[in-house]
Amino acid sequence: MLVFESRLWYTFNMKTGMNREQLNSLDKDTLVSIVLQLQAQIDEMSANIASMNRNMELMMEQLKISRNAQFGKKTEVNTTDEEQLSFFNEAEMLKTDSPEPELEVAVPGYTRKKRKGKWDEDLKDFPTRSVPHEIPEEELKGMFPEGYKHMPDEIYRKLEFHPATFEVVEHHIKVYKSRKDGRIVKASHPKELLDKSYLTPSLAAAVMNAKYTNHIPLNRQEKEFERNDVHISRQDMANWMIKIAERYLSLIYDRFKEKLFESDVIHADETPVGVRDNGREDADTSHMWVYRSGTLCGAVPVILYDYRNNRSQETPREYLRGYTGFLVCDGYQVYHKISEERPDELTVAGCWVHAKRYFSKAVSAVGKEQAKDTVAGKALTLISKIFHEDNKLDELNPEERLRERKVHVEPLVDAFFAWAKEHRDDVTAKSETGKGFTYLFNQEKYLRTFLTDGRVPMDNNAAEQAIRDFVIGRKNWMQIDTKAGAEASAMIYGIVETCKANDIKIYDYLEHVLTVMPEHMDDTNTDFLDDLLPWSENLPEKLKKKQQNS
C-alpha cells in the first residue's frame, strides 16, 4: 500500500508539478478533475503503446512471411503462387485439399512388386529390330562332338534412343503435255503447308512441341539446330508459328471454343505476360487469360488461352458473350460485374483456395506447431475440414453430390462463417489473418455457390493447373516479342493443353493436323474439322496415349 501511495504521489508530482502540501490544500472537485485528466492521459498512452505493439506485430509477420518466401522450403502443397513462382501472380497450380501432405511411408521388409509383363506391354507398340547372337558352327562342333539341338532362344529387350535426324524430301512432280492441244497436267502432290517455305508438318510440330510443351525457347532451339548443322533462325520459327496459327490452328481453336461453351461450368484465371511491340514493353498491362471446362459436370476437357493487352472487364465480357452457366474464379471484381450484368445467365462461384491462402501465409510464417492455437491456425483447420468432406464426394454424380453437400458440407460452412464473425475483431485488419477475414466476408456469397449445385467445385484449381505450363514456360522465355506472337502463342498453348487433358500425343497430333488441313483449305465445308478434334472417335488410334494402370 505504501509503495502504491508513493508511486501515486510521484505521478501527481510529475504531471502537476505540485508537492504534497500543495495537493493537500486543493479541494475535492479540483483533485477529481486532475485525476480524470491524468487517467485520460494514461489511457491515451496505453492506446499508443497498443498501436505500436500491433504495428510491431504486423512488421514481424511481414518479415517472417518475406523470409519464408525467400528462404523457406518450397513445396507444392499448401503454398501460394508467390512462394512457388516469385513475381508471377494468380497461378496456384496444385490442389491443397488437406492440411498436411500425405507422405509415402517405407515399410521395412516390403518391396514393391512390378506388374508381370509390364515391360512387354510398354514396348509392344514400338518398332522392333531383332539382333541374333549365335555361336559359329565350327565352335559348336568342338563343344558338342556328339551333336546338339536348338533350344528356344533366350530373349530380352532393350530400348534404344535415336537422336533427331533430318532428311530433305525432294518432290519430283511429273508434268505432262498434250501433243494435240498443248494442255499441261501435273501429277497430284501434297499441298504446301506454307507457300515458298521448306517447312513441313513434322518440322512445324517439332518446333511447337519443343516450345509449348517442353518450354524450350526459340533461341535455344536455334542453337540446337545449329549443333546438328541445320540453320534455322528464331525469326523464321517465330514467323512460322504466327502463320500456322492464323491459317490453320485458328479453325481448330474456334471449334474448341464451341465445345467449351457446352460445359455447364467454366473456370477462369489470368496471369501477366511481358510483350514487346514496336520497341515498347506492355508487361504491366498485358495478360494471358485461361478458360477451362468444368471437371465435375461431365464436360469434355477443353483449355483455351486468350491474350489481351489489358486486364479490364471488357476482356472476359467479350470472350464469354453468349455463354450461360457457372463461372468459377478468384475474387477479381471484373468477373462479378459481368455476372451482375447477366444475373439470369452467368453465376459466379468463388474459390476456397484463395480464401485459405491468407491463413496459410500466417501459419507458414510462424510454423505449424506454434500456429496451432492461433486464429489463423484454427481458420486453416476449419477450411481444411470442409475440403476433406467435399473431396469424399468426387466420385458421385452432381445430383448425389448436392444432396451429400447439404447434409455434410453446408453445416461446416455455416459453422465456419459463424466462428469467423466471432473472431474477426481478435486480429488486426492489416495482418494476413485480418486480410483473410476481409476476403471471406467480401466473397461469402460466391464462396457459398458450390453448395447450390453439384456441378460446381469448391475451388478454381482447374484453371490454375491449366495455366501452370504457361507460367513455367514464361520463366524460360520471359517475354513475347510481338502481339501477333502472343496471340499465336495463346492459340497453340490452348491446343497443347487440351491435348494433354484428353491424353493425346501432342507432337503426333500437331503433325497429323498440319498434314490433313492443307488438303482441305479450299473446301467450302468445314466438317472435316470434326475428325481432327482430340475427342473425335475418328482420330487415328496412334495419336492416343495408352491408359496406364497405376
Over region 193-246, what relative contact order in percent results from Cα pairs under 8 Å that are six or more residues apart?
28
Loop-only check: which GluC sites (Glu not before Pro) in region 328-359 are DSSP coil with at most 13 other Cβ within 10 angstrom?
Glu345
Binned at 10 Å from zero, the C-alpha pair distances of region 325-429 give percents of 13, 34, 36, 16, 2
Proximal charge balance of Glu192 [Cβ under 15 Å; K/R count +1, D/E count -1]
+1
Efficiency of FRET from Cβ geometry, Met151 and Leu123, R₀ 22 Å, rounded to 0.05
0.40
Among rounded, prolate and oblate, which fits region 141-252 when a ≥ b ≥ c are the square roots of the eigenvalues of its C-alpha gyration tensor, a/c under 1.5 means rounded, and a/b larger than b/c means prolate?
oblate
So which GluC sites (Glu not before Pro) in region 495-550 pass both tests, a DSSP loop state and at most 10 other Cβ atoms within 10 Å of the Cβ?
Glu537
Given a Förster distance of 22 Å, the FRET efficiency implied by the Cβ-Cβ spacing of Glu258 and Met521, rounded to the nearest 0.05, works out to 0.65
Full-extension gain between Glu400 and Glu537, please, as 0.36 nm times their residue separation minus the C-alpha to C-alpha distance.
46.3 nm
Three-way shape call for region 178-231 based on the alpha-carbon gyration tensor, with the a/c threshold at 1.5
prolate
Gly454 long-range amide H proximity, modeled H, under 5 Å:
Leu402
Highest mean first, how do 384-396, 155-167 rank when packing is the count of other Cβ atoms within 10 Å averaged over residues?
384-396, 155-167
Which whole-Hz couplings ³J(HN,Hα) result when phi for each residue of region 196-212 is put into the Karplus expression 6.51 cos²θ - 1.76 cosθ + 1.60, θ = phi - 60°, listed in order with x for Gly and Pro?
6, 9, 8, 5, 10, x, 5, 5, 4, 5, 5, 5, 5, 5, 5, 7, 8
Once fully extended, how much extra length lies between Glu170 and Lys445, figured as 0.36 nm per residue of separation less the alpha-carbon to alpha-carbon distance?
92.5 nm
Between rounded, prolate and oblate, where does region 429-500 land on the alpha carbon gyration tensor, with a ≥ b ≥ c its root eigenvalues, rounded for a/c under 1.5, else prolate if a/b exceeds b/c?
oblate
Share of accessible surface on carbon and sulfur in region 307-412, whole %, 1.4 Å probe and ligands ignored, is 49
Along region 259-267, Karplus-curve 3J(HN,Hα) (6.51, -1.76, 1.60; θ = phi - 60°) to the nearest Hz, with x for Gly and Pro, reads 5, 4, 6, 7, 6, 6, 9, 10, 8
When ranked by the protection proxy of mean other Cβ atoms within 10 Å per residue, highest first, what sequence do the peptides 444-453, 324-333 form?
324-333, 444-453
Would you please name the GluC sites (Glu not before Pro) within region 189-229 that are DSSP coil residues with at most 15 other C-beta atoms within 10 Å of their C-beta?
Glu192
Between Val348 and residues 5 or more places away or on another chain, the pairs with built amide H atoms under 5 Å apart involve Leu327
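The values are calculated or read from the model by the stated rules, or taken from the named source; none is laboratory data. No experiment lies behind these values; they were computed from the predicted model shown. All Cβ positions, glycine included, derive from the backbone under ideal geometry; neighbour counts span all protein chains shown. SASA here: full protein model, heavy atoms, side chains in, ligands and nucleic acids out. Shrake-Rupley method; radii C 1.70, N 1.55, O 1.52, S 1.80 Å.
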